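**Student:** Take this structure, written in C-alpha cells, and hold onto it; I'll ask about it next.
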Amino acid sequence: MPGSVERQITEIKPGSPVFPMFMADGFFVSRMLPKRLGKAELPILPPLGFDTSLPDLAADRVKQTLADHGWNETDSHLLLAAHGSAKGPKAAESAFAFQKALSKRFHTLEISVGFVEEPPFIADAGKDLPPQSLCLPFFALEGDHCRQDIPEALEEAGFSGSTLPPIGTWNKTAKLVADALTRGL
C-alpha cells in the first residue's frame, strides 16, 4: 500500500526491528524495504522464509497432517507451492533452500517444488502425484495466489490430495515471529 511503510515509521521507536513477512529476500525485501525505511534506525531482520526454526515448525505440521489423514510418509508426497519470480532467482532459491532443509526432517517423504511465476509451474509439478499428497503453500499470507492461482494450478494438474493453509497464517508462526522480534531487540 503506497505510503503505508513511511506512515508506520513515524510511530516506531528507533532501534525496533522490522520483520519482513516474506518468504524470500527478493526485490522488495532487499531493495524496496530499505529504500522505504529511509534513514530510520530500524534494523531489518531476515524474512520469515529464512527463519531457522521454520523448517521444524513446517515439518511438525506436515507430520501431524499426515497422521490426521492416516497416511504414512513412505507412500505420501509433499508439494511445496511457492511464488517464484520472472524477475530474478532469489524467490526460487529460497523455496529450494526450504525444500532442502525440510527434507532433512523426514526419512522417506518426497518433496517437490512448483511455482506460480516460473518453471517448474505448480500445475506441472502437481501432475501424477499419489493420492496421499499434501500441498504446502510457501507463502506468508493468504492472498490471491493462495486463494486462486494455487487451487487452479492443482485442479489443472489433477491433484487429489489435501492443501494446507499458507505457512504465515498458522497460529504457531505468530510465536515464531514474536521470538524473532525478541531476538532482534
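**Student:** Within the range 2-9, is even one residue open to solvent by 50 Å² or more (accessible area, probe 1.4 Å) and within 24 Å of Ala81 (Cβ to Cβ)? Outline the logic, then answer.
**Tutor:** Start the filter on the range 2-9 by keeping residues that are open to solvent by 50 Å² or more (accessible area, probe 1.4 Å), which leaves 2, 6-8.
Still in the list and also within 24 Å of Ala81 (Cβ to Cβ): none.
Looking through the range 2-9, none of the residues is open to solvent by 50 Å² or more (accessible area, probe 1.4 Å) and within 24 Å of Ala81 (Cβ to Cβ).
**Student:** Every residue in the range 31-41 that is closer than 24 Å to Ala97 by Cα and buried (at least 16 other Cβ atoms within 10 Å of the Cβ), please.
**Tutor:** Result: Leu33, single match.
**Student:** Still on this structure: Looking for whichever is closer than 22 Å to Gly184 by Cβ and charged (D, E, K, R) here; the options are Lys39, Lys63. Which one fits?
**Tutor:** Working: Lys63 fails: closer than 22 Å to Gly184 by Cβ.
Sole residue among the options that is closer than 22 Å to Gly184 by Cβ and charged (D, E, K, R): Lys39.
**Student:** Moving on to the next point. With (1) surrounded by fewer than 17 Cβ atoms within 10 Å (Cβ to Cβ); (2) among the aliphatic types (A, V, I, L, M); (3) closer than 12 Å to Leu136 by Cα as the list, and Ala59 as the residue in question, which single condition is left unmet?
**Tutor:** Of the numbered conditions (1) surrounded by fewer than 17 Cβ atoms within 10 Å (Cβ to Cβ); (2) among the aliphatic types (A, V, I, L, M); (3) closer than 12 Å to Leu136 by Cα, the odd one out for Ala59 is (1).
**Student:** Which condition from (1) open to solvent by 60 Å² or more (accessible area, probe 1.4 Å); (2) of a type outside the set (D, E, K, R); (3) outside any loop (DSSP other than H, G, I, E, B) is the one that Ile12 breaks?
**Tutor:** Evaluating Ile12 over (1) open to solvent by 60 Å² or more (accessible area, probe 1.4 Å); (2) of a type outside the set (D, E, K, R); (3) outside any loop (DSSP other than H, G, I, E, B) leaves (3) as the failure.
**Student:** Next question, about the same structure. Considering only the range 95-145, how many residues are in contact (Cβ under 8 Å) with a residue 60 or more places away in the chain, of a type outside the set (Phe, Trp, Tyr) and closer than 26 Å to Phe28 by Cβ? Walk me through how you get there before you give the answer.
**Tutor:** Initially, the range 95-145 is screened for residues in contact (Cβ under 8 Å) with a residue 60 or more places away in the chain, giving 95, 98, 132, 134, 136, 138-141, 145.
Then drop every residue that is not of a type outside the set (Phe, Trp, Tyr), which leaves 95, 132, 134, 136, 140-141, 145.
Still in the running and closer than 26 Å to Phe28 by Cβ: 95, 136, 140-141, 145.
Total satisfying the criteria: 5.
**Student:** Applying the selection to the range 41-51, what residues are within 23 Å of Leu134 (Cβ to Cβ) and not in a helix (DSSP H, G or I)?
**Tutor:** Here is the first cut: in the range 41-51, the residues within 23 Å of Leu134 (Cβ to Cβ) are 48-51.
Answer for the range 41-51, where residues must be within 23 Å of Leu134 (Cβ to Cβ) and not in a helix (DSSP H, G or I): just Asp51.
**Student:** In the range 139-185, what residues are farther than 30 Å from Asp124 by Cβ, open to solvent by 20 Å² or more (accessible area, probe 1.4 Å) and in a helix (DSSP H, G or I)? Even if it seems obvious, please write down each step before you answer.
**Tutor:** Within the range 139-185, the first condition is being farther than 30 Å from Asp124 by Cβ, and the residues that meet it are 171-172, 174-185.
Those left that are additionally open to solvent by 20 Å² or more (accessible area, probe 1.4 Å): 171-172, 174-175, 177-179, 181-185.
Listed by number, the residues that qualify are Asn171, Lys172, Ala174, Lys175, Val177, Ala178, Asp179, Leu181, Thr182, Arg183, Gly184.
**Student:** So which pairs qualify, if the first residue must be in the range 61-80 and farther than 11 Å from Gln132 by Cα and basic (Lys, Arg), the second must be modelled with pLDDT of 95 or more and open to solvent by 10 Å² or more (accessible area, probe 1.4 Å), the Cβ gap must be under 7 Å, and the two must be at least 6 apart or on different chains?
**Tutor:** If the second residue must be modelled with pLDDT of 95 or more and open to solvent by 10 Å² or more (accessible area, probe 1.4 Å), the pairs left are Arg61/Leu164; Arg61/Trp170.
The rows are residues; the columns are (1) in contact with a Ser or Thr (Cβ under 9 Å, 6 or more places away or on another chain); (2) open to solvent by less than 30 Å² (accessible area, probe 1.4 Å).
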| site | (1), (2) |
| --- | --- |
| Met23 | yes, yes |
| Pro43 | yes, no |
| Phe50 | yes, no |
| Lys63 | no, no |
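**Student:** Here's a follow-up. Give me the pairs: first residue in the range 14-32 and of a type in the set (Val, Ile, Thr), second residue modelled with pLDDT of 90 or more and not in a helix (DSSP H, G or I), beta-carbon distance under 6 Å, and six or more apart or on different chains, which are they?
**Tutor:** Val18/Leu42; Val18/Ile44; Val29/Pro20; Val29/Phe22; Val29/Pro47
**Student:** When only residues in the range 78-120 that are part of a helix (DSSP H, G or I), among the small types (Gly, Ala, Ser) and surrounded by fewer than 21 Cβ atoms within 10 Å (Cβ to Cβ) count, which is nearest to the chain's Cα centre (by Cα)?
**Tutor:** So the first thing to find is which residues in the range 78-120 are part of a helix (DSSP H, G or I), and the list is 90-103.
Next, only the ones that are among the small types (Gly, Ala, Ser) stay: 91-92, 94-95, 97, 101, 103.
Now narrow it down to the ones that are surrounded by fewer than 21 Cβ atoms within 10 Å (Cβ to Cβ): 97, 101, 103.
Details: Ala97: 11, Ala101: 13, Ser103: 15 Å.
Only one residue fits best here, namely Ala97.
The values are calculated or read from the model by the stated rules, or taken from the named source; none is laboratory data. Since the model is a prediction, treat every value here as computed from it, not as a measurement. FYI the Cβ positions are ideal-geometry reconstructions off the backbone, even for glycines, and counts take in every protein chain you see. Note: areas computed on protein heavy atoms with side chains; ligands, DNA, RNA excluded. Shrake-Rupley method; radii C 1.70, N 1.55, O 1.52, S 1.80 Å.
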